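*Asks:* There's a structure below that I have some questions on.
A short reminder: the numbers here are calculations on the coordinates, not readings from a lab. All of these numbers come straight from a predicted model, not from anything done at the bench. Positions of Cβ are backbone-derived with ideal geometry, glycine not excepted, and every protein chain shown enters the neighbour counts.
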Amino acid sequence: MKINYKIRIDDNVLSYLEKKKRKVITLTINKSGGGCCPTIEVYDIDLNQPSNIEFYNKFEIDDVTVFVNKIARVTAPILRFSLQKSLFVSSIIPSGLSLKGH
């Protein structure tokens, strides 16, 4: 299957990864619900390589390896990773995805 999107990693994410001494971003799509309940999808960001890389598309950008779950529906021309900061926690957030149930 042809990949029709590019990856962009914001500078503040690169700084965050450097502080954590990591060079990997893994985006996994998890499904929840089903049966009598509607199925919803949520994303999970991990800073480790997935154990089964055949289920992921692999990208190398800005000296970082990015794994994107093959079931992810990327609806934008660029899948962007940005940093969201709250009072005590920083989280990497993807944008450009379509998630079922959201």
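*Asks:* Provide the gained length on full extension for the span Gln84 to Asn69, in nm with one decimal, where the gain is 0.36 nm per separating residue minus the Cα-Cα distance.
*Replies:* 3.3 nm
*Asks:* Over the chain, what is the mean sequence separation of C-alpha contacts under 8 Å (at least six apart), divided by residue count, expressed as relative contact order in percent?
*Replies:* Across the chain, relative contact order equals 32 percent.
*Asks:* Could you give the radius of gyration (one decimal) and Dmax (whole number) of the Cα atoms in the chain, in Å?
*Replies:* Expressed in Å, the Cα Rg and Dmax of the chain come to 14.1, 45.
*Asks:* Follow-up. Could you check the spin-label model distance between Lys100 and Val42? Points 7 Å from the Cα along Cα→Cβ, value in nm.
*Replies:* Placing both labels 7 Å beyond Cα along the Cβ direction yields 1.7 nm.
*Asks:* In whole Hz, what ³J(HN,Hα) sequence does segment 8-16 give by Karplus (6.51, -1.76, 1.60; θ = phi - 60°), x for Gly and Pro?
*Replies:* Residue by residue, segment 8-16 yields 10, 10, 5, 4, 5, 6, 4, 5, 4 Hz.
*Asks:* Continuing with the same structure: Given a Förster distance of 22 angstrom, what is the FRET efficiency for Asp11 paired with Ser91, based on the Cβ-Cβ distance and rounded to 0.05?
*Replies:* E between Asp11 and Ser91, to the nearest 0.05, is 0.85.
*Asks:* Continuing with the same structure: Give the cross-link partners of Lys20 among the lysines, using a straight C-alpha distance below 16 Å as the criterion and excluding same-chain residues fewer than 8 apart.
*Replies:* Of all the lysines, those that pass the test against Lys20 - Cα under 16 Å, at least 8 places apart if same chain - are Lys85.
*Asks:* Follow-up question, since we're still on this one. Calculated from DSSP H runs of 4 or more alone, at -39500 (n - 2.57) each and per residue, what is the 222 nm mean residue ellipticity of the chain, nearest 500?
*Replies:* Calculated from helices alone, the mean residue ellipticity at 222 nm is -3000 deg cm²/dmol.
*Asks:* Less than 14 Å Cβ to Cβ from Lys19, Lys/Arg counted +1 and Asp/Glu -1: what total charge do the surrounding residues give?
*Replies:* For residues surrounding Lys19, the net value is +3.
*Asks:* Now for a different question. So what does log10 I(q)/I(0) come out to for segment 49-102 at q = 0.18 Å⁻¹, using the Debye formula with one equal point on every Cα and no solvent?
*Replies:* -0.76
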